[in-house]
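Engineer: Dropping a structure here in structure tokens format, bear with me for questions.
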2 protein chains.
Amino acid sequence: MPPLTTLPPRAVIREVGLRDGLQSIQTILPTAQKIAWIDQAHAAGLREIEVGSFVPARLLPQLADTAELLAHAKTLPGLCASVLVPNLRGAEAALAGDADLMLLPLSASHAHSLANLRKTPDEVVAELGRIRAARDASGRKTLIEGGVGTAFGCTLQGEVKPAEVLRLMQALLDAGADRVSLADTVGYADPASVSRLFEQALRLAGERFWCGHFHDTRGLALANVYASLQLGVNRFDASLAGIGGCPHAPGASGNAASEDLAFLLEAGGVATGIDLPQLLALRGQVTGWLAGEATHGSLHRAGLPKTFHPAGALPR
Amino acid sequence: MPPLTTLPPRAVIREVGLRDGLQSIQTILPTAQKIAWIDQAHAAGLREIEVGSFVPARLLPQLADTAELLAHAKTLPGLCASVLVPNLRGAEAALAGDADLMLLPLSASHAHSLANLRKTPDEVVAELGRIRAARDASGRKTLIEGGVGTAFGCTLQGEVKPAEVLRLMQALLDAGADRVSLADTVGYADPASVSRLFEQALRLAGERFWCGHFHDTRGLALANVYASLQLGVNRFDASLAGIGGCPHAPGASGNAASEDLAFLLEAGGVATGIDLPQLLALRGQVTGWLAGEATHGSLHRAGLPKTFHPAGALPR
């Protein structure tokens, strides 16, 4: 176990506001605004963006322009353009668009999996195997990430056993996932439970462990990020202005807010490559487009501390 | 250094909403409502409450009824009733009211100290010496806490050197403080800086280190609590609904929200003695009284997880 204050020198924030954020709110952003969001996020230094989800447009009309956004994101230098795919059909669209990464979500809660995906978790594992075969046959370099959600419990089923989470993570790796990640989909995690489960997940997946995804439903997203950061996790999903929320809790907070997370990292000496004033300016623009929707986060109200130095500018 | 997941078995939340919270907002709560707040906080299991501040009523009319609140709080069984005192005159009032603890704030930022207290930090240390003499002469058992504020920087002066924070903490102990604590008055701290400074403070003050006080100005209060909890700190200031804010940043978050902090602790197996549903009910009542004021926190929107067990109810 490293000492408490040994944090990774660098970490990546994957912006998921365009997918996890927008899919949970009413407003449908025009494609031109989404493209401006992607461009300005890239200009602010973000290098991984989940641009959308290849689900049928009748289910999520907010994300109907995913193919167009992916094509645009692919033109930006150094950007890892990722998409969510719910199944093989979505993966075929991601491969057609030459996504850099596609994320297949699996819910470790059987009840949540059946309700949301109409498949058992093990059927999702089997689907990942088919996606791997399709990717290998396509000649594309698109990485496959298997994301284990409801990893800390679920609003339908309640408890989700860590052993089941880890079994499914191993099954995803065995089925051909290049990367695996853990998501606290409903905001049930606390830093102590994060430390315990992430330590086991890292031991199991090693270098193939990819990302932590924390919802701020109960205010603990950043504390949970910190707990996993201490274990060496160095990639986190976040949404600008914390948009997202939970369909079962009106007004509830969404993902960790990208700008607050970037502040936590940079202030702690963990370089992200992000220009925080530029990211805050983009936040102002996006929340303007989303007038009337619940937005979250704290840094934007107070601004950066007078003493703030970006991590890259500190002697290391 | 203990392993990451070894947290203290118990921790105390000191409710400071009646002092730090109310002094920063416009609404003046009637004494009867403050008494109801104290009674219901006690009924919900809180055992330390800062009921007010012995400052001249013309400076803080919101807190003019501190003596009356202290007298009431002293009637509640097992409650540690504390007050803030800015100087010897305030301490004399605290001794007259037989407070269980009086907190003398010191600002490690010289600029902030001169602007807010019209004294240098070392003049505040000298005042603590006079307060100690008065306490000893009074025969009261009132504990004296010296709180080092702006410990992570300051909006006026900018940087505050950790060596100066620690020098002043040692000076407070030498001058007769029974307890010392650290406050991130303006929300400049991040978990990494908290780990570093609190580790040194604990080494310096040992058992006389008392409390961590974190403002959520930039969203990191609970992550900062977690970082100090990992070092064994087991007492934290917090305000119901996170009220407080910062006079220099309109709408900015105040203290850590008591209810979200209690959730972090209890979910992580750290017993607080607090009944969270009762505390959430009180939050609803208090925010009703403060209609129009900015309130904060997340747990109240989503409610407790289906899987939640109070720490005391878990096998340990």
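Engineer: Please specify each residue of the range B:59-76 satisfying the condition of being buried (at least 17 other Cβ atoms within 10 Å of the Cβ) and among the β-branched types (Val, Ile, Thr).
Structural biologist: B:Thr66
Engineer: Of all residues in the range A:267-316 being part of a helix (DSSP H, G or I) and among the basic types (Lys, Arg), which is surrounded by the fewest Cβ atoms within 10 Å (Cβ to Cβ)?
Structural biologist: Among them, the one singled out is A:Arg301.
Engineer: In addition: Looking only at the range B:186-208, decide whether some residue is part of a strand (DSSP E or B) and under 23 Å from B:Val83 (Cβ atoms).
Structural biologist: no
Engineer: Here is a further query. Being within 13 Å of chain B (Cβ to nearest Cβ), of a type outside the set (Asp, Glu) and surrounded by fewer than 24 Cβ atoms within 10 Å (Cβ to Cβ) is the requirement here; does A:Pro162 meet it?
Structural biologist: For A:Pro162, the condition - within 13 Å of chain B (Cβ to nearest Cβ), of a type outside the set (Asp, Glu) and surrounded by fewer than 24 Cβ atoms within 10 Å (Cβ to Cβ) - is met.
Engineer: Residues in the range B:269-303 that are on the phi < 0 side of the Ramachandran plot and in contact with a Lys or Arg (Cβ under 8 Å, 6 or more places away or on another chain): how many?
Structural biologist: Total satisfying the criteria: 7.
Engineer: Among the residues that make up the range B:25-36, is at least one of them surrounded by 15 or more Cβ atoms within 10 Å (Cβ to Cβ), within 30 Å of B:Gln200 (Cβ to Cβ) and modelled with pLDDT of 95 or more?
Structural biologist: No, every residue in the range B:25-36 fails to be surrounded by 15 or more Cβ atoms within 10 Å (Cβ to Cβ), within 30 Å of B:Gln200 (Cβ to Cβ) and modelled with pLDDT of 95 or more.
Engineer: Taking the options B:Asp136, B:Asp184, name whichever one is within 18 Å of the chain's Cα centre (by Cα) and within 30 Å of B:Lys74 (Cα to Cα).
Structural biologist: That would be B:Asp184, the only listed residue that is within 18 Å of the chain's Cα centre (by Cα) and within 30 Å of B:Lys74 (Cα to Cα).
Engineer: Another question about this same structure. Sort through B:Arg118, B:Arg89 and tell me the only one that's at pLDDT 95 or above and not hydrophobic (A, V, I, L, M, F, W, C).
Structural biologist: B:Arg89
Engineer: Also: When you check A:Leu79 against the structure, is it surrounded by 22 or more Cβ atoms within 10 Å (Cβ to Cβ), under 16 Å from A:Glu48 (Cα atoms) and either modelled with pLDDT of 95 or more or among the aromatic types (Phe, Trp, Tyr) (or both), yes or no?
Structural biologist: Criteria not met by A:Leu79.
Engineer: Next question. Of all residues in the range B:220-266, which are part of a loop (DSSP other than H, G, I, E, B), modelled with pLDDT of 95 or more and either more than 12 Å from chain A (Cβ to nearest Cβ) or touching a Lys or Arg at 6+ places or on another chain (Cβ under 6 Å) (or both)? Steps first, answer last, please.
Structural biologist: Here is the first cut: in the range B:220-266, the residues part of a loop (DSSP other than H, G, I, E, B) are B:220, B:230-234, B:243-245, B:247-248, B:250-254, B:256.
In the following step, the residues that additionally are modelled with pLDDT of 95 or more were identified as B:220, B:230-234, B:256.
Within the range B:220-266, B:Val233, B:Asn234 meet the criteria.
Engineer: While we're here: Which condition number does A:Ser181 fail, the rest of (1) over 25 Å from A:Thr295 (Cα atoms); (2) within 9 Å of chain B (Cβ to nearest Cβ); (3) buried (at least 24 other Cβ atoms within 10 Å of the Cβ) being met?
Structural biologist: The number of the failed condition is (2).
Engineer: Quick check on my filter: what residues within the range A:38-58 are surrounded by fewer than 23 Cβ atoms within 10 Å (Cβ to Cβ) and closer than 11 Å to A:Gly78 by Cβ?
Structural biologist: A:His42, A:Gly45, A:Arg47, A:Glu48
Engineer: Name, by its number, the condition in (1) away from chain B (no Cβ under 14 Å); (2) touching a Pro at 6+ places or on another chain (Cβ under 9 Å) that does not hold for A:Gln26.
Structural biologist: The number of the failed condition is (2).
Engineer: Pick from B:Val124, B:Val186: which is at pLDDT below 95 and in contact with a strand residue (DSSP E or B) (Cβ under 9 Å, 6 or more places away or on another chain)?
Structural biologist: B:Val186
Engineer: Something else: Of the residues in the range A:200-230, how many are in contact (Cβ under 8 Å) with a residue 60 or more places away in the chain and more than 14 Å from the chain's Cα centre (by Cα)?
Structural biologist: Within the range A:200-230, the subset in contact (Cβ under 8 Å) with a residue 60 or more places away in the chain is A:210-211, A:213, A:216, A:229-230.
Cutting the leftovers down to more than 14 Å from the chain's Cα centre (by Cα) gives us A:229-230.
The number of residues fulfilling the criteria is 2.
Engineer: Give the residues of the range A:184-219 that are of a type in the set (A, V, I, L, M, F, W, C) and at the interface with another protein chain (Cβ under 7 Å from one of its Cβ atoms), sorted by residue number.
Structural biologist: Of everything in the range A:184-219, just one residue is of a type in the set (A, V, I, L, M, F, W, C) and at the interface with another protein chain (Cβ under 7 Å from one of its Cβ atoms), namely A:Ala192.
Engineer: Considering each residue of the range B:273-316, count those that are away from chain A (no Cβ under 11 Å), over 21 Å from B:Phe236 (Cβ atoms) and small (Gly, Ala, Ser), and give that number.
Structural biologist: 6
Engineer: Which of the following residues is basic (Lys, Arg), surrounded by 20 or more Cβ atoms within 10 Å (Cβ to Cβ) and assigned to a helix (DSSP H, G or I): A:Arg130, A:Arg135? Give the derivation first.
Structural biologist: Details: A:Arg130 fails: surrounded by 20 or more Cβ atoms within 10 Å (Cβ to Cβ).
A:Arg135 is the lone residue from the list that is basic (Lys, Arg), surrounded by 20 or more Cβ atoms within 10 Å (Cβ to Cβ) and assigned to a helix (DSSP H, G or I).
Engineer: Another one. Among the residues of the range B:138-155, what is the count of those that are surrounded by fewer than 18 Cβ atoms within 10 Å (Cβ to Cβ) and within 14 Å of another protein chain (Cβ to nearest Cβ)?
Structural biologist: 0
Engineer: Still on this model: Out of all the residues in the range B:138-157, which are of a type in the set (Gly, Ala, Ser) and either more than 10 Å from B:Leu172 (Cα to Cα) or in a helix (DSSP H, G or I) (or both)?
Structural biologist: Here is the first cut: in the range B:138-157, the ones of a type in the set (Gly, Ala, Ser) are B:138-139, B:146-147, B:149, B:151, B:153.
Across the range B:138-157, the qualifying residues are B:Ser138, B:Gly139, B:Gly149, B:Ala151, B:Gly153.
The values are calculated or read from the model by the stated rules, or taken from the named source; none is laboratory data. No experiment lies behind these values; they were computed from the predicted model shown. Positions of Cβ are backbone-derived with ideal geometry, glycine not excepted, and every protein chain shown enters the neighbour counts.
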